[in-house]
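Remarks on the structure that follows.
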Amino acid sequence: MNLVKTGLLAIALTTVATAAMAEVLPVSARAAKENAALGVRAGGFLITPKADLEETYNDNVYATTNNTRDDFITTVRPEVTARSSWSRHALNALARAEMNSYEDNDTENHTSSTFAVDGRYDIMNETSVGGGLSWVKNHEERGNPNNLAGGVEPTEVDSKSAKIGAYRGL
């Protein structure tokens, strides 16, 4: 029994020593470090490019009960954001795409995209007006219950939006 207690004490001391050697940062510094924006400065803007690549296997591409077809789908997601770093006012833009390419069933290939811009004009301290515009072209996959074509083919969905607002602090 004494040997077990000694072993547990040694494990506990090793754990404490290892934790003490780790970098100790306040929560605010950790969050800032982990979420630091990478990108390129262009005048008063931070341009941040990003890209994802994904390979997926689908054993029932057409979402049918019989005569199923399988395929590999390559998805590429490029994205670019631009954010102003001005002390007053703000202007932001986003361009994003998602390109799905099927290896054997190329009739299923499709591209979704998003374009958006928004901004804020500071009239005076604690008073501003702003607004934004966006356009999204998306696709509902076969088998998705929201697919309006009843699963016959992927459905393209376009949405456009505009917003405008004002803020006055008290």
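Taking a point 7 angstrom from the Cα of A97 along the C-beta vector, which residues in segment 46-66 have backbone N less than 18 Å away? Answer for segment 46-66: 48-55. When all protein chains stay in place and ligands, DNA and RNA are ignored, the 1.4 Å accessible-area order of E141, E156, largest first, is E156, E141. Largest accessible area first, the residues E54, E79 order themselves as E54, E79 under a 1.4 Å probe with ligands, DNA and RNA left out.
S159 to I123: extension gain in nm, 0.36 nm per residue of separation minus the Cα-Cα distance? Spell out each step's value before the answer.
Values: separation 36, 0.36 × 36 = 12.96 nm, distance 3.10 nm.
Working it through step by step, the gained length comes to 9.9 nm.
Would you kindly state how much longer the chain becomes between T65 and R41 on full extension, computed as 0.36 nm times their sequence separation minus their alpha carbon distance, in nm to one decimal? Write out the running numbers ahead of the final one.
Values: separation 24, 0.36 × 24 = 8.64 nm, distance 5.25 nm.
Residue separation times 0.36 nm, minus the Cα-Cα distance, leaves 3.4 nm.
The phi torsions of segment 42-50, fed into the Karplus equation with coefficients 6.51, -1.76 and 1.60 and a -60° offset, translate into couplings of 9, x, x, 10, 10, 9, 10, x, 7 Hz, rounded to whole numbers, with Gly and Pro shown as x.
For N109 and A166, a Förster radius of 30 Å and the Cβ-Cβ distance give a FRET efficiency of 0.10, rounded to the nearest 0.05. Surface analysis of segment 38-126 yields an accessible area of 66 Å² per residue, using protein heavy atoms and a 1.4 Å probe. Residues S159, S84, sorted by accessible area with the largest first, give S159, S84 [1.4 Å probe; ligands and nucleic acids excluded]. In percent, rounded to a whole number, the relative contact order of segment 54-170 is 18, using alpha-carbon pairs under 8 Å and six or more apart.
The values are calculated or read from the model by the stated rules, or taken from the named source; none is laboratory data. Because the structure is predicted, anything quoted here is derived from the model rather than measured. All Cβ positions, glycine included, derive from the backbone under ideal geometry; neighbour counts span all protein chains shown. Heavy atoms of the whole protein, side chains included, go into the accessibility calculation; ligands, DNA and RNA do not. Shrake-Rupley method; radii C 1.70, N 1.55, O 1.52, S 1.80 Å.
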